[in-house]
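The values are calculated or read from the model by the stated rules, or taken from the named source; none is laboratory data. All values derive from a computational prediction rather than experimental measurement. Counting neighbours? That spans all protein chains shown, and the Cβs are built from the backbone with ideal geometry, glycine included.
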Amino acid sequence: MPRPTVAHIDLEALRHNYRLAQELAGSASAMAVIKADGYGHGIRAVARALADDVRCFAVACLEEALAVRDEGLEQTVVLLQGVHSEQDMVTCACLGFELVVHSDYQLDWVLNSTERVPVWVKVNSGMNRLGYRPSELPVVMGRLAEAGCVPKGFLTHFASADEFDSPATEGQTEAFRGGVAPWPELLLSVGNSAAHFRAGQPLFDWSRPGIMLYGASPMADRNATELGLKPVMTLESELIAVRTLQPGDSVGYGQTWTAERPVRMGIVAIGYGDGYPRHAGTDTPAWTNGNRIRLIGRVSMDMLAVDLTDAPSAQAGDKVELWGCHVPIDEVARHAGTIGYELLTGVTARVPRRYHD
Ligand SMILES: *Cc1c(COP(=O)(O)O)cnc(C)c1O
C-alpha cells in the first residue's frame, strides 16, 4: 500500500477557472501561466488538460517550455524571463518559443542571433524588478530596428494589482500605455490574475492569469469562492493514530501545545517534508469526516497533530483534507503567514499527484 498522502488534481476545475479568466479578459486573450511545475500541479498534466482551450502558455524558463513541447503540444510558449544563455536562442527558434527581453545582455543575444525568435520587450512600469523604463524604449526599439528585428509586443507586470484600493496599478497602466504609444502596431500584454478582477482594468491584447487557474484567490481580501474560482488541488492524507490526551499532556516538538482537558487527538501522515507549511500552527483548519478540525502543536516533517473534538467519530484510517474543497488554501496560507502560491508550489515530489478528469 502506498502512503495515503496525495494531491488530488481536478482538471475540470482547472478548465473552469481558465474559462472564467478568458471571460474576464474580455477582448484580450488569456495566456495560461503554468510555470513552477504548473504551480505545483504538474506542468505536463496541466498543459494537456488546457490544450483545447488555450492558444498560448507562459512559463518562466526554457526547461518548462520544453516540457510543454515534449507533451506534443504545439501552442505558443512565452518564456517570461527569456533565456539564460545565447545558445538557447537556437532551441527557442527551432521549437517556436517566444522570448521576453528584459536586459541589454539578452537584447545583444537577439541582435547577434541569426535565428528570428519572436520577442516581447519587457517594460518596467513600476515593479522595478525587470525590464526597460518607458524612457529607454526608443533606444531599445532603435537597436532592434537597425538589426531588422520587429518585436512581437510589449509586456509589463503589476506590483499591487491584488490590493483593491491601491492606485499603483492605474499608475503602472498609464506609464505602460504612454511608453509604448509610439508603436501602436505591436501587441500589448499586462495582467496577472488579480488584474482580471479589477473593474475597468484594461488588459490590452494578452492577459497572463496564473494563480486563479488553480483556484486560489489572487486578491488579498476576497476569497476564491466569491470570485467564482474552484480549487484544483485537494491535499489529502489519513489519520494514522488516534489517542486521548489527558490534561497536562502536550504534543509534538517543543511541547508548544498542552491539553487543558481530555482531548481526543489524531496524527495525520503529512508534514513539512510534503510541503505542508511548518509555520501553520495551532488552530490552522483541516477537515475530516464532514467536520472542520484544527491543528495543534508543531508540524513535523512527516506528520502533524489535530484536535478531533469536533469530529468525534474520526478514527485511524480516516481521510483528512489539509486544503481543497472544504478548507480554502488561502485560509491555511494566512495561518502560515504566507500566500496560496507558496503552498501550492511547495508541495514536494514525495506527494503523488492524482489526476481526475
Ligand atoms: C507569474 C507571472 C504571472 C501570473 O501571475 P499570477 O499572480 O499567478 O496570476 C503573470 N505575469 C508574469 C510576468 C509572471 O511572472
- Message: For region 61-73: of the residues being hydrophobic (A, V, I, L, M, F, W, C) and part of a helix (DSSP H, G or I), which is farthest from the ligand (Cβ to nearest atom)?
- Response: LEU66
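Here is a yes/no grid of residues against (1) among the hydrophobic types (A, V, I, L, M, F, W, C); (2) closer than 30 Å to TRP109 by Cβ; (3) out of contact with any His (no Cβ under 7 Å at 6 or more places or on another chain):
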site: ARG3; (1), (2), (3): no, no, yes
site: LEU20; (1), (2), (3): yes, no, yes
site: ALA28; (1), (2), (3): yes, yes, yes
site: TYR39; (1), (2), (3): no, yes, yes
site: ALA49; (1), (2), (3): yes, no, yes
site: PHE57; (1), (2), (3): yes, yes, yes
site: VAL68; (1), (2), (3): yes, yes, yes
site: VAL83; (1), (2), (3): yes, yes, yes
- Message: Going through GLY271, GLY228, GLY191, GLY252 one at a time, which residue ends up being over 30 Å from VAL299 (Cα atoms) and either out of contact with any strand residue (DSSP E or B) (no Cβ under 9 Å at 6 or more places or on another chain) or not assigned by TED's automatic domain parsing to the domain that holds LEU137 (or both)?
- Response: GLY228
- Task: Could you tell me whether region 212-233 includes any residue that is of a type in the set (Phe, Trp, Tyr), at pLDDT 95 or above and over 30 Å from VAL123 (Cα atoms)?
- Result: no
- Boolean, ALA305 is more than 19 Å from ASP10 (Cβ to Cβ) and assigned to a strand (DSSP E or B): yes
- Item | Test set (1) touching a residue at least 40 places away in the same chain (Cβ under 8 Å); (2) within 15 Å of the ligand (Cβ to nearest atom); (3) β-branched (Val, Ile, Thr) - THR169 fails condition number | (1)
- Please enumerate the residues belonging to region 335-346 that are surrounded by 15 or more Cβ atoms within 10 Å (Cβ to Cβ) and either among the charged types (D, E, K, R) or more than 16 Å from the ligand (Cβ to nearest atom) (or both). HIS335, ALA336
- Of the residues that sit in region 188-219 and are assigned to a loop (DSSP other than H, G, I, E, B) and near the ligand (Cβ under 9 Å from one of its atoms), which one is farthest from the chain's Cα centre (by Cα)? VAL190
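One line per residue, one yes/no per condition, for (1) closer than 17 Å to THR244 by Cα; (2) touching a helix residue (DSSP H, G or I) at 6+ places or on another chain (Cβ under 9 Å); (3) modelled with pLDDT of 95 or more:
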| position | (1), (2), (3) |
| --- | --- |
| ASN291 | no, no, yes |
| ASP307 | yes, no, yes |
| LYS319 | no, no, yes |
| TRP323 | no, yes, yes |
| ALA336 | no, yes, yes |
- Message: Considering only residues that are out of contact with any Ser or Thr (no Cβ under 7 Å at 6 or more places or on another chain) and in a loop (DSSP other than H, G, I, E, B), which ones fall in region 313-335?
- Response: SER313, GLN315, ALA316, GLY317, HIS326, VAL327, PRO328
- Can you tell me which residue within region 61-100, out of those that are exposed (fewer than 15 other Cβ atoms within 10 Å of the Cβ) and of a type in the set (Gly, Ala, Ser), is farthest from VAL150 (Cα to Cα)? GLY72
- Please verify whether region 242-256 includes one or more residues that are over 30 Å from LEU50 (Cβ atoms), aromatic (Phe, Trp, Tyr) and loosely packed, with under 14 Cβ neighbours inside 10 Å. yes
- Can SER166 be described as of a type in the set (S, T, N, Q), in the same structural domain as VAL46 (by TED's automatic domain parsing), touching a helix residue (DSSP H, G or I) at 6+ places or on another chain (Cβ under 6 Å) and within 30 Å of HIS335 (Cα to Cα)? no
- Message: Condition first: surrounded by 22 or more Cβ atoms within 10 Å (Cβ to Cβ), of a type in the set (S, T, N, Q) and within 22 Å of GLU64 (Cβ to Cβ). Can you find one or more residues in region 141-157 that meet it?
- Response: yes
